Amino acid sequence: MPAYTAAALTFTTLTLASGFAQAKAPSLDDAAGRYDIDGSSKISFSVDQVGGGGISGSFGKFSGTFQLDGRDIRRSVVEFSLFPESVQTGEERIEKFLRSSAIFDTKTYPKIVFRSTKITQTSDDTAEIEGNLTAKGMTKTEHFTATLTKWNRRVISFHIQGGVYRTRYNMSTGTPIYSNIVQFDMVVNGQKH
């Protein structure tokens, strides 16, 4: 059965925000600052199943910040907390199973945390994010890709994607019928402090 998020996070492909493809990405200096992750963000995940189908859902409760360094993107930091009790799949039976000790064990581990350790700019509007993801008492290094989709001096948005191997976090129930990889697809909106 599925695993877990990070957020992440997420990180399927969404199109860039309307009109952004033609807009010029802001300079790092212009975009610099501290942003709070807004509740309008969307943290979605999917886990494939052999023969088609699978499980997909989202998380309704999360929080976090990102600090964009105006001089050196490598010194920027993303911190993100996800509350797996808020998992939503549209099927109560699956949600209860995901919250159980077989997967998230939300009673013992109410929070999943990601903190970046390295951010590498890969183009004017894309970056690779590496960091430590902690779930069920285990911390592992994970990687996500981020694409800038919106910016207007007070608001900044990223489309973040990545795959997380759930067995690394003691969430192996259901493999190999359900994929070991949880795909994250996240739209992260930040409000400038």
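Can you report the number of residues in the stretch 31-53 which are at pLDDT 95 or above and out of contact with any His (no Cβ under 9 Å at 6 or more places or on another chain)?
13
Please count how many residues of the stretch 41-55 are in a strand (DSSP E or B) and closer than 13 Å to MET186 by Cα.
5
For (1) surrounded by 15 or more Cβ atoms within 10 Å (Cβ to Cβ); (2) in a helix (DSSP H, G or I); (3) at pLDDT 95 or above, each residue gets a yes or a no:
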residue	(1), (2), (3)
THR10	yes, no, no
SER18	no, no, no
ALA21	no, yes, no
ASP29	no, yes, no
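State yes or no: is THR106 surrounded by 15 or more Cβ atoms within 10 Å (Cβ to Cβ) and in contact with a helix residue (DSSP H, G or I) (Cβ under 7 Å, 6 or more places away or on another chain)?
Against the criterion (surrounded by 15 or more Cβ atoms within 10 Å (Cβ to Cβ) and in contact with a helix residue (DSSP H, G or I) (Cβ under 7 Å, 6 or more places away or on another chain)), THR106 qualifies.
To keep it simple, each residue is scored yes or no on (1) out of contact with any Leu (no Cβ under 9 Å at 6 or more places or on another chain); (2) under 20 Å from LYS61 (Cα atoms); (3) of a type in the set (Phe, Trp, Tyr); (4) in a loop (DSSP other than H, G, I, E, B).
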| site | (1), (2), (3), (4) |
| --- | --- |
| LEU98 | yes, yes, no, no |
| GLU128 | yes, no, no, no |
| LEU133 | no, yes, no, no |
| ILE156 | no, yes, no, no |
| HIS159 | no, yes, no, no |
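Kindly indicate whether LYS140 is more than 23 Å from GLN49 (Cβ to Cβ) and either hydrophobic (A, V, I, L, M, F, W, C) or modelled with pLDDT of 95 or more (or both).
Taking the combined requirement at face value, the residue satisfies it.
Take GLY70 and decide whether it is assigned to a loop (DSSP other than H, G, I, E, B) and more than 26 Å from THR175 (Cα to Cα).
Considered against the rule, which asks whether it is assigned to a loop (DSSP other than H, G, I, E, B) and more than 26 Å from THR175 (Cα to Cα), GLY70 comes out as yes.
Out of everything in the stretch 135-153 that is of a type in the set (D, E, K, R) and assigned to a strand (DSSP E or B), what residue ends up being surrounded by the fewest Cβ atoms within 10 Å (Cβ to Cβ)?
Among them, the one singled out is LYS140.
Give me the residue from the stretch 63-103 that is among the aromatic types (Phe, Trp, Tyr) and within 21 Å of ILE181 (Cα to Cα) and, out of that set, surrounded by the fewest Cβ atoms within 10 Å (Cβ to Cβ).
My answer is PHE83.
The values are calculated or read from the model by the stated rules, or taken from the named source; none is laboratory data. What you see is a predicted model, and the numbers here were worked out from it, not measured in a lab. Cβ sites come from the backbone with ideal geometry, for glycine too, and all protein chains shown count toward neighbours.
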